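The values are calculated or read from the model by the stated rules, or taken from the named source; none is laboratory data. Quick caveat, the model's predicted, so the values are computed rather than measured. Here Cβ is always computed from backbone atoms with ideal geometry, including for glycine, and neighbour counts include all displayed protein chains. Each accessible area value is taken on the protein alone, full model and side chains, heavy atoms only, with ligands, DNA and RNA left out. Shrake-Rupley method; radii C 1.70, N 1.55, O 1.52, S 1.80 Å.
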Amino acid sequence: MNYLLQLVLILLLTKLGAHIAATFNLPSVIGELLVGILAGPAVFHILTYSTFIQYFAEIGVIILMFIAGLEGDLKLLFRYWKPALTVATLGVIFPTASAVLLCVGMFDFSLTTSIFLGLILSATSVSITVQVLKEMDYLNTREGAIILGAAVADDIICVVLLGISTSLFGTASAHNQSLVAMVLPKVLFFVVAIALAKWFVPLFLRGFNKVNASENITTAAMVLCFGFSFLAVKLGMSDVLGAYIAGLAISETRFKAQLVAKVEPIGYAVFIPAFFVSIGLEITFKGMQNDLVFIGLLLVLAILGKQIGGAIGGKLFGLTWNEANIVGAGMVSRGEMALVVANVAVSAGLIDHNHYTAMIVVTVMATLIAPSMLKTFIQHGKRAVSHISLNKTSEAKS
């Protein structure tokens, strides 16, 4: 029954953590992430990263991205695909190039190892960002659409670069898998997912709506969510990407409002808190003292690389500097894709386990810092808009 106690602690502590964070005007997700660090192996060791927590966390992040898709605006995403692609491209180039220069120039790493460390830094995770955008009522804005579109493009770019790098530099086992063999399933996923989203999803929901059973449409939505996630994983993409596409497909149907109200309680009551805690549980300070300078410099590059790359990409398409900074901050968070790249690099013999641990720490620390950055820029933008509105009102009265 130990897993029941783990679940009780996760649910209680995350809500307390979210409350304390909100008291200090921080994003609630910061409190939940810190709960994982404080309750985990890094500090009090009350919780450990178990198989049970892993499964709950995986379901949590899938539902979180499914909700983001449900609440999304497909027309808005299509409208801003050009800035999204530009932001994604610059957000890969800046952190990767700066990491290579640092690792080769200061730490005498091989070029191969440096490239893979850079690729790990280039992978964005939008899951945490989505939570902050939802909290700030900023999901369906121009900047929100660019961030979400860029996150999808970022995944694709990282997969392609990972395939090229592994084919060129990997061990014998990695060489056996050609670039075509790595990339082709990903292309197939988008073809199949888009076809299913357009034709199958509306038909499936209308058919399931006729089933005489309790919560039939909610069940149908969860079937689509997990089904698309499974398809994504089988074809080499992230499960959260599959869930996001499923949510977007449903958002174009008449069931959107009904399902948002039904699915959010499922996610936020149980599964999503486990996801946020699990990130903190992966932090451990053991042996870090030997790599503090390396970790600190990489963390700075991880944050600035995404922030600068994303902001420049946004500015190129007419955003104000604050709006561009919102886009940049939205790309800072790291997560599952960074871990995928790190695992591939380790298994291909391209980075050792010490560097792998350092990259996990950098990934988690960047994810902890990103929400506060994003909230700060959004609040600054809202204050600026309010100030302009007040000035216009004053001028009109005078």
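General observations
- Extension gain for Val260-Ala213 works out to 15.0 nm (0.36 nm per residue, less the C-alpha to C-alpha distance).
- Above-threshold pairs, the threshold being 27 Å between Cα atoms, out of Lys75/Lys262; Lys306/Lys375; Lys262/Lys382; Lys186/Lys375; Lys75/Lys382; Lys210/Lys262: Lys262/Lys382; Lys186/Lys375
- Candidates Val346, Val87, Val152, ranked by Gaussian network fluctuation over the chain, Cα under 10 Å, top entry: Val346
- Taken over the alpha carbons of region 1-87 as equal point scatterers, the Debye sum produces base-10 log I(q)/I(0) values at 0.10, 0.18, 0.26 Å⁻¹ of -0.39, -0.89, -1.27.
- Global form of region 1-156, assessed from the alpha-carbon gyration tensor, a/c cut-off 1.5: oblate
- Tensor-based shape of the chain (alpha-carbon gyration tensor, a/c under 1.5 rounded, otherwise prolate or oblate): rounded
- Shown in residue order for region 296-310 are the 3J(HN,Hα) couplings computed by the Karplus curve 6.51 cos²θ - 1.76 cosθ + 1.60 at θ = phi - 60°: x, 5, 5, 5, 4, 5, 4, 6, 5, x, 6, 4, 5, x, x Hz (x for Gly and Pro).
- You can think of it this way: the chain between Leu184 and Asn140 has 12.6 nm of extra reach, that is 0.36 nm per residue less the Cα-Cα gap.
- Just checking the listed ones, Ile378, Ile128, Ile46: in the Gaussian network model of the chain with Cα springs under 10 Å, the one fluctuating most is Ile46.
- When the chain is treated as a Gaussian network with alpha carbon springs shorter than 10 Å, the biggest mean-square fluctuation among Ala261, Ala84, Ala145 belongs to Ala261.
- Heavy-atom accessible surface of the chain: percent carbon and sulfur, 1.4 Å: 68
- Structure-based [θ]222 nm, the chain - -39500 (n - 2.57) summed over DSSP H runs of at least 4, per residue, nearest 500: -26000 deg cm²/dmol
- Using the Stokes-Einstein relation with a Kirkwood hydrodynamic radius computed over Cα pairs, the translational diffusion coefficient of region 253-307 at 4 °C and a viscosity of 1.567 mPa s comes to 87 µm²/s.
- Here the gap between Tyr3 and Leu101, fully extended at 0.36 nm per residue and compared with their Cα-Cα distance, gives a gain of 30.7 nm.
- Taking 7 Å steps out from each Cα toward its Cβ at Thr376 and Ala269 produces label points 3.7 nm apart.
- Computed over the alpha carbons of region 193-241, Rg followed by Dmax gives 11.9, 36 Å.
- FRET efficiency, 1/(1 + (r/R0)^6) with R0 22 Å, evaluated for Thr51 and Leu16 via beta carbons: 0.30
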